[in-house]
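Undergrad: I have a structure I would like to understand better, so I am pasting it below and will then ask my questions one at a time.
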Amino acid sequence: MSQRVCFKLRINPEFVDEYKQRHAEVWPEMLTALSESGWTNYSLFVAPDGELIGYLECEDLAKSLELMGRAEVNTLWQASVAKFFVGLDGRAADEAIRPLEEVFHLV
């Protein structure tokens, strides 16, 4: 059974356009690492004020995050996007993922 995961982070509003551009050009190695780590149906949504909503499906979020944490390309990617985020208290964005509780799902 697949887990449906939704999470919220915050981007500095000054960097929203640059953040969107960066995600229009995600490194092929990063896309491969995400897939190999079990991330599927992964989407990011960002509002002009910097609110970022992420959604993904995976078999086991903890395992998928652990596998990504071991990927060298993820370390490089997280370092390259760190400046965009606010409120992470020194953590990488993927380390700050806290799933929101799903309260309704129409199949």
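No lab work stands behind these numbers, since they all come straight from the coordinates. Bear in mind that the values here come from a model prediction, so they are computed numbers and not experimental data. Neighbour counts run over all protein chains shown; Cβ positions are idealised from the backbone, glycine included.
Undergrad: In Å, what Kirkwood hydrodynamic radius results for the chain from the alpha-carbon pair distances?
TA: After inverting the pairwise mean of 1/r, the radius is 14.4 Å.
Undergrad: While we're on this one: For Gln3 and Tyr42, calculate 0.36 nm times their separation in residues minus their Cα-Cα distance, and state this gained length in nm to one decimal.
TA: Here the segment from Gln3 to Tyr42 would lengthen by 12.8 nm.
Undergrad: Let me ask something else. For Lys20, give me every one of the aspartates and glutamates with a C-alpha distance below 15 angstrom, ignoring sequence neighbours fewer than eight places off in its own chain.
TA: By straight Cα distance, Lys20 reaches Asp49, Glu51.
Undergrad: Still on this structure: Among the lysines, which have Cα under 24 Å from the Cα of Lys63 when same-chain residues fewer than 8 positions away are ignored?
TA: Output for Lys63: Lys8.
Undergrad: I would also like to ask the following. Which net charge results when you count Lys and Arg as +1 and Asp and Glu as -1 among the other residues whose beta-carbon is under 13 Å from that of Val73?
TA: Computed value for this residue: -3.
Undergrad: Let me ask something additional. Just grab the label-to-label distance for Glu18 and Val103, each label 7 Å out from Cα along the Cβ direction, in nm (one decimal).
TA: 3.6 nm
Undergrad: What does the net charge come to around Gly50 if you take all other residues with beta carbon closer than 9 Å to its beta carbon, with K and R at +1 and D and E at -1?
TA: Here the count lands on -2.
Undergrad: Sticking with this structure for a sec: Counting only helical runs of four or more DSSP H residues, what would the 222 nm mean residue ellipticity of the chain come to if each run contributes -39,500 (n - 2.57) and the total is spread over all its residues?
TA: After summing the helix terms and dividing by the residues of the chain, the value is -10000 deg cm²/dmol.
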